[in-house]
Every structure is written in structure tokens, then in C-alpha cells.
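I have placed the structure first, in the form of C-alpha cells, so that the comments after it can refer back to it.
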Amino acid sequence: MAWDRYNRERYNRGRRLSGPRGLGELMGATLGTARIAKGIGRARAILAWPGAVGPEIARITRARTQQGSVLFVDVRDSAAAHHLSMQRHHFLKALNALLPDAPLSDIRFSVGSVREPVMAPAPPPLPAPDRARARELVREVGEDLRPAALRAAEAITRSRRWREEQGWRPCPVCGEASQEQPCRACCLTLEDPNVIRAARVLMAQPEQLSALPDTLGDSGANAARYLALQRLEGQLDLLALECVRSGQENGYREFLAQQAGMYLSLYLRRPRADLKRSDRALLPERARNVLSAGR
């Protein structure tokens, strides 16, 4: 039996020296040999200082170091250091409540460098909602859902006004304020093959615009109109140059006037029969100058 006891003790000693050991055991041994435990205790006191004294005191002080059970704190000026020294028993009580395992015996204040904390600027308040626009947005909503829809619409209009105040411009397609021109959603719509085909139709038959929302929706119809206007504007510029080169001969001016009618009908969302001569003021500059000179 004595021999068995000797072997067990020898086995246990070997296991302690070379066998697998728990993480807590390893950390305790490491902290003990490297004297890190004291450093962690000191760091805890320094880190706990702002929470123990509150934001106002923390703004004008900085826990610098700890020696033994004494915490040394830098203060901006001597008057504040003197005042805080008179109140240190309150701070000591608050700190020791946060550090029950390593209580402090004293706090010493001295004049030192304290950085002013960088405060993030407060975000600007949201503007008041555009109630007239919000009511227009919910005009076709049923009476039972209108109150909730109106609140949502007012939130949307507040967001839109805020974006406009930040310098965002209305999207040329949908009219919503956006940093990108056109906005990201409309850029995707402009690439839709159905929208591109509809734009070609509008260039020759602008009166078809009123029927497009039934097939493409409002966003698709607006995108097709935008594309058609862009292409018509390019054609008007080319025709205006040809009129200038040819002296308004060879039928260029008549074709220019025809295309100008297409453009204005689409731009004003009005039938060509209802257009007025004064509407030509809305044409691109080159086309407007050529047609005005030919009166």
C-alpha cells in the first residue's frame, strides 16, 4: 500500500508539472508570476474614475496613475484641484463601491493636462412636415386607413424637406430630393427595356403619356417621359444647327417646329393642339432662338 501511495503522489506531481491544465489555473499562474494582477487592478481604478464621478467631473479631470492604494488624478487648474480635494471622500466612497476587491485608501489631485472631450455635433432637427403635399399623397386612400396613411405621408415629407435643406436637388425623373441625379431608383428604372420602348413611342406620340401609368406605373411613365425629352432635346439642338448652316432652307425649320411641338407637348403634359406660341420660351436655347428668328 505504501508503494501504491508513492506512485499516486508521483503521478499527481507529474500531472501538475506536465499534464493538461485549466485556463483559470494557467491565467492565475501567469498573472502571479508576471505581476500583472496588480496592473489590472490599477487599470480598473483608472477606468472606473469617469463612471464614479460623473460626466461633469470627468470632463475636467483625468485619472493618471495609481501607486499602492492611492489614485492620482490630474485637474485643469489649482482652484478645481483644491475644491475636489475637499470632496475626495465622496469620490473615494463611489470608487470603492465599484472596486470591492481592491479598495483605495486615498485620492490625490494635482494640476495637469486634461484634454477636452470631442463632442459630436448635434444633428439638425427635422423640419415641419409639408401637410399640403401629405394630403395630396393620401388623396385616394380610404377613410379607414387615411389617418395612418397621413402620418406616414407627413413623415415622408419631413424627410424630403430635410434632404432639400442639406442641398439635395429634386430628381429630374421622380422629383424626390436626391444627391444623385437621377436618383438611384430612377437610374434602375431608366434601364428597363419596356421603359426604353415607351420612350421611343412618346417621341412620336407624346399624347400616349397619359396611358403609360396603366402599364408601367407612375415611376415607369415618368422615366419614359424623361428619356424621350432627353432624346428630343438632342434632336432639337442638331436641327437648330442645320437650320443655321442652311439658312433655314431645305425644310429643316419646318421639321424643327414639328419636333419642338413634340417636345413641348411632352414637357407640359399637354396635347399639341393646346400649345401656345408663348410656350416656345420653354424650348432649349438653340431651338428657341432659331424659331424666334423665323417669325
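Here T189 clears all of (1) more than 26 Å from R270 (Cα to Cα); (2) surrounded by 13 or more Cβ atoms within 10 Å (Cβ to Cβ); (3) of a type in the set (S, T, N, Q) except the condition numbered (1). When restricted to residues that are in contact (Cβ under 8 Å) with a residue 40 or more places away in the chain and of a type outside the set (S, T, N, Q), segment 264-282 contains 4.
Table: residues versus (1) assigned to a helix (DSSP H, G or I); (2) under 30 Å from G167 (Cβ atoms).
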| position | (1), (2) |
| --- | --- |
| E180 | no, yes |
| N222 | yes, yes |
| A240 | yes, no |
| Y267 | yes, yes |
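Scanning segment 104-131 for residues that are more than 30 Å from E154 (Cβ to Cβ) and modelled with pLDDT under 85 gives S113, V114, R115, E116, P117, V118, M119. Checking each residue in segment 158-178 for being modelled with pLDDT under 85 and outside any loop (DSSP other than H, G, I, E, B) picks out S159, R160, R161, W162, R163, E164, E165, A177. The set of residues from segment 170-186 being over 15 Å from N222 (Cβ atoms) and surrounded by 14 or more Cβ atoms within 10 Å (Cβ to Cβ) comprises just one member, A177. The set of residues from segment 56-109 being within 43 Å of the chain's Cα centre (by Cα), among the charged types (D, E, K, R) and closer than 14 Å to I46 by Cα comprises R62, R64, D74.
Residue check: is C187 in contact with a Ser or Thr (Cβ under 7 Å, 6 or more places away or on another chain) and either at pLDDT 85 or above or of a type in the set (S, T, N, Q) (or both)? Outline the logic, then answer.
Details: in contact with a Ser or Thr (Cβ under 7 Å, 6 or more places away or on another chain): no; either at pLDDT 85 or above or of a type in the set (S, T, N, Q) (or both): yes.
No.
Taking the conditions (1) over 22 Å from the mean Cα position of the chain (by Cα); (2) buried (at least 17 other Cβ atoms within 10 Å of the Cβ) in turn, A132 satisfies each one other than (2).
Based on this model, can you work out whether A80 counts as small (G, A, S), farther than 19 Å from G54 by Cα and either modelled with pLDDT under 90 or part of a strand (DSSP E or B) (or both)? Judged against the criteria, A80 is not a match. If the condition is being surrounded by 11 or more Cβ atoms within 10 Å (Cβ to Cβ) and not in a helix (DSSP H, G or I), then segment 270-295 contributes R270, P271, L275, L283, P284, G294.
The values are calculated or read from the model by the stated rules, or taken from the named source; none is laboratory data. These figures come from a predicted structure and were not determined experimentally. Because the Cβ atoms are built from the backbone with ideal geometry, glycine has one as well, and the counts that use them run over all protein chains shown.
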